């Protein structure tokens, strides 16, 4: 066995990992009822065929989801810009000790990258 052999299963990520909470409250709800042929979803919570709903589910408007998406995109851009700033900081610190023009250029380029992401 080598040191670079995989250790256990890779971490599982869901599509919403790293996202903020959904907007509250949902704009609309739908309600589940049981019919003889299977579950039925309706927009009214009133008894259906004499039975109350078994479950409810919140639904969001397109406007709410567009606002949520814009908020999450802005947050991801900021996270990316911070990565560029960290590269800038590291390159600048290295340039201060070595005076290597390559590191100075890397530092400036990383800051340009962060600025472009935020633009």
Modelling each spin label as a point 7 Å along the Cα-to-Cβ direction, I'd like the residue 37/residue 59 distance in nm, to one decimal. 2.0
Please find the FRET efficiency linking residue 22 to residue 112, where r is the Cβ-Cβ separation and R0 is fixed at 30 Å, and quote it to the nearest 0.05. 0.30
With label points built 7 Å along Cα→Cβ from the Cα atoms of residue 78 and residue 45, find their separation and express it in nm. 3.5
For segment 47-119, averaging the sequence separation of alpha carbon pairs under 8 Å that lie six or more residues apart and dividing by its residue count, the contact order in percent is 32
May I ask for the equivalent-ellipsoid semi-axes of segment 69-119, computed as the square root of five times each C-alpha gyration tensor eigenvalue and listed largest first in whole Å? 27, 9, 4
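Readers should treat all values here as calculations from the given coordinates under stated rules, not as data from a laboratory. Since the model is a prediction, treat every value here as computed from it, not as a measurement. Please note: Cβ atoms are built from the backbone with ideal geometry, for glycine as well, and neighbour counts cover all protein chains shown.
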